[in-house]
Amino acid sequence: MAASKVVSILVLAFLLLAAVAFPVSAGPRQQGKKGGGGGNSGGGNLKPWECSPKCASRCSQTQYAKACLTFCNKCCAKCLCVPPGFYGNKGACPCYNNWKTKEGGPKCP
């Protein structure tokens, strides 16, 4: 009896850890056109090596260039998409636009 409780607790703990380590996305994947959409998990058409120059262009007119480049490259690696222009236009990249911080703010510049 005690052994079955221990086994049950261990199985439950394992399942809980697995759920935390490998969260499942509940939202649908969105597809977009070149320069707009999400990447590996978001549907964009950029190649990974195209992210750096696209982000350099997008972040070229901000006073926070280092932070902008860091997050833009992270977002592009996930979404394979960078919106056109220096600011805004996030509707062209749904994955890029919809990736939020824990607080609900935009993750991508």
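The values are calculated or read from the model by the stated rules, or taken from the named source; none is laboratory data. From a predicted model like this one, the values you see are computed outputs, not experimental measurements. FYI the Cβ positions are ideal-geometry reconstructions off the backbone, even for glycines, and counts take in every protein chain you see.
Key figures
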quantity	calculated
Pairs with Cβ under 7 Å, 6+ apart, first in segment 90-109 and touching a residue at least 12 places away in the same chain (Cβ under 8 Å), second of a type in the set (Phe, Trp, Tyr) and not in a helix (DSSP H, G or I)	LYS107/TRP99; CYS108/TRP99
Subset of segment 64-81 [in a loop (DSSP other than H, G, I, E, B) and over 17 Å from ASN98 (Cβ atoms)]	TYR64
Any hit, segment 82-89, residues being surrounded by 12 or more Cβ atoms within 10 Å (Cβ to Cβ), of a type in the set (Phe, Trp, Tyr), part of a loop (DSSP other than H, G, I, E, B) and modelled with pLDDT under 95	yes
Any hit, segment 39-51, residues being among the polar types (S, T, N, Q), surrounded by fewer than 16 Cβ atoms within 10 Å (Cβ to Cβ) and under 14 Å from the mean Cα position of the chain (by Cα)	yes
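One line per residue, one yes/no per condition, for (1) outside any loop (DSSP other than H, G, I, E, B); (2) modelled with pLDDT of 50 or more; (3) closer than 16 Å to PRO109 by Cα; (4) not small (Gly, Ala, Ser):
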position: ALA26; (1), (2), (3), (4): no, no, no, no
position: GLN31; (1), (2), (3), (4): no, no, no, yes
position: GLY36; (1), (2), (3), (4): no, no, yes, no
position: ASN45; (1), (2), (3), (4): no, yes, no, yes
position: THR62; (1), (2), (3), (4): no, yes, yes, yes
